[in-house]
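In what follows, a structure is listed as C-alpha cells, so that the remarks can point back to it.
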Amino acid sequence: MYYLFNSNKMFFLFILFFSTMISISSNSWFGCWIGLEINLLSFIPLISISNNLLASEASLKYFLTQSIASMNFLFSILIKMILMKNFEMNNFISIMINSSLLMKMGSAPFHFWFPNISEGLSWFNNFILMTWQKITPLILLSYYMNFNFLWFIIIMNVMVGAIGGFNQTSLRKLMAFSSINNLGWMIFSLMISENLWMFYFLLYSFLISIMFFLFYNLNMFFINQLFINNMNFMIKLNLLINFMSLGGLPPFLGFLPKWIIINFLMMNKFYFLTFIMMMSSLITIYFYIRIIYSSFMFNYFKMKWFKINFKNKLMNFINFFSLISIMGMILSTFLFI
C-alpha cells in the first residue's frame with residue numbers, strides 16, 4: 001500500500017494531472033506541446049519507480065515512442081506557423097498533426113508500442129496509461145481534425161483491437177487491445193460531439209477501473225491464473241458483469257454510449273462503418289467470454305491452505321459498482337423522460 005501513496009508518486013501524479021490541464025487550456029499549439037512534454041516527463045518516473053526490469057524497459061520504450069511523436073508534433077506546428085501563416089485546413093499538415101497525436105495515444109496503425117509497454121506496467125500505471133494519458137491527445141485532435149483520414153483510422157482501430165486480442169494470454173495485453181478497440185469508438189464519438197466523447201470516456205474509465213482494481217487485488221496478470229484461483233462466486237460474477245459491460249452487451253451500462261454512436265451512424269447512413277464497428281465489438285466480446293468461461297468452468301480442487309479473503313468493505317464497493325453496471329439500461333431509460 002505504501003507503494004501506491006508515497007510522496008514521490010503523489011508529486012509526479014499531481015504534475016501528470018496538471019500537465020493535462022496545461023495542454024487542454026492552452027491558447028497556442030506551443031502550449032499544447034509543452035503540456036504534452038511535462039506529461040511525458042511526469043509519467044516516466046511513475047513507471048520506473050517499481051524495481052523490476054520490465055518496468056524500466058517499458059519506461060525507456062515509452063520515452064522513445066512519445067518523444068518521436070512529440071518531435072513530429074512540434075515539426076508540424078512549426079512548419080504550419082512558418083510556411084502557412086494562415087490557419088486554413090491543409091491536408092498534409094493536418095494528417096501530420098493528427099498522426100503524431102494518434103501515436104501519442106497508441107492508436108492503430110501506430111499502436112505497436114502500446115501492448116508491449118502495458119505488459120511491463122503495474123495495474124495502476126496501466127489504468128493511467130489507458131485513461132488519463134488519452135485525454136490530452138484526444139482533445140488536441142478535436143481542435144484540428146482531418147475527417148477523411150480519421151475514418152480510415154477508426155476502421156483500423158476497431159479491427160486491430162478486435163483481431164489483436166485473439167491469442168493473448170496476458171490480461172494486460174488483452175486490456176491494451178481492448179483499449180485500442182475502444183479508442184476507435186472514442187475518436188468517432190469525438191467527431192460527433194465533445195459531450196458524447198466525455199460520456200463515453202467516463203464510462204469506459206469507470207468500467208476498466210473496477211476491473212483493474214479487481215485484478216490488482218487478486219494479483220492477476222495472466223488468463224491461466226483465473227482458473228487456478230478458486231475465486232469466490234461474487235468475484236467471478238463481477239468479472240462477468242464488467243467484461244460484458246466493457247464489450248457493450250445490451251443489458252449493461254457499456255452498451256449505452258455505443259448505442260448512441262450506432263444511432264448516429266445509422267441516421268447519417270454510415271452503414272459500412274456501422275457494420276465494421278459492430279462486428280469488431282462482437283469479436284472483442286468473444287475473447288472476453290473466453291476469459292470468463294475459463295474462470296467459470298474450471299473448478300480446481302479446493303486447497304485448504306489457499307483462501308482469498310477480500311476485505312469485506314472492498315468487496316461491497318466492487319459489488320456496488322457492478323450493480324450500477326447491470327442497472328445501466330434501466331438508468332438509461334431516464335434519458336428519454
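The values are calculated or read from the model by the stated rules, or taken from the named source; none is laboratory data. All values reported here derive from a predicted model rather than from experimental measurement. So basically every Cβ, Gly included, is an ideal-geometry build from the backbone, and we count neighbours across all protein chains shown. For accessibility, only protein heavy atoms count, side chains too; no ligands or nucleic acids. Shrake-Rupley method; radii C 1.70, N 1.55, O 1.52, S 1.80 Å.
If I filter the stretch 171-189 for residues that are of a type in the set (Ser, Thr, Tyr), assigned to a helix (DSSP H, G or I) and farther than 24 Å from LEU218 by Cβ, do I get at least one hit? Explain how you work it out, then say what you get.
We begin by selecting, within the stretch 171-189, every residue of a type in the set (Ser, Thr, Tyr); these are 178-179, 189.
From what's left, assigned to a helix (DSSP H, G or I): 178-179, 189.
Those left that are additionally farther than 24 Å from LEU218 by Cβ: 189.
Yes, some residue in the stretch 171-189 is of a type in the set (Ser, Thr, Tyr), assigned to a helix (DSSP H, G or I) and farther than 24 Å from LEU218 by Cβ.
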- Message: Checking LYS304 against (1) out of contact with any helix residue (DSSP H, G or I) (no Cβ under 6 Å at 6 or more places or on another chain); (2) buried (at least 17 other Cβ atoms within 10 Å of the Cβ); (3) at pLDDT below 80: exactly one of these is not met. Which one?
- Response: (2)
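Looking at the stretch 264-284, can you tell me whether even one residue there is at pLDDT below 90 and surrounded by fewer than 17 Cβ atoms within 10 Å (Cβ to Cβ)?
Here is the first cut: in the stretch 264-284, the ones at pLDDT below 90 are none.
No, the stretch 264-284 contains no residue that is at pLDDT below 90 and surrounded by fewer than 17 Cβ atoms within 10 Å (Cβ to Cβ).
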- Can you name the residue in the stretch 121-137 that is under 14 Å from TYR216 (Cα atoms) and not in a helix (DSSP H, G or I) and, of all such residues, is least open to solvent (accessible area, probe 1.4 Å)? LEU121
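Return the residues of the stretch 196-216 that are open to solvent by less than 50 Å² (accessible area, probe 1.4 Å) and of a type in the set (Phe, Trp, Tyr); say none if nothing qualifies.
Step one: of the stretch 196-216, the residues open to solvent by less than 50 Å² (accessible area, probe 1.4 Å) are 196-197, 200-201, 203-212, 214-215.
Those that are open to solvent by less than 50 Å² (accessible area, probe 1.4 Å) and of a type in the set (Phe, Trp, Tyr): TRP197, TYR200, PHE201, TYR204, PHE206, PHE212, PHE215.
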- Got at least one residue in the stretch 89-106 being out of contact with any Phe, Trp or Tyr (no Cβ under 8 Å at 6 or more places or on another chain) and touching a residue at least 60 places away in the same chain (Cβ under 8 Å)? yes
- Sole residue being at pLDDT below 95, loosely packed, with under 15 Cβ neighbours inside 10 Å, more than 18 Å from PHE114 (Cα to Cα) and not charged (D, E, K, R), chosen from MET81, MET96, MET21, MET71: MET81
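Residues that are of a type in the set (Gly, Ala, Ser), at least 2 per element: which helices (runs of 4 or more DSSP H) completely within the stretch 210-278 meet that? Even if it seems obvious, please write down each step before you answer.
Numbers: elements: 223-228, 233-247, 255-267.
So the answer is 233-247.
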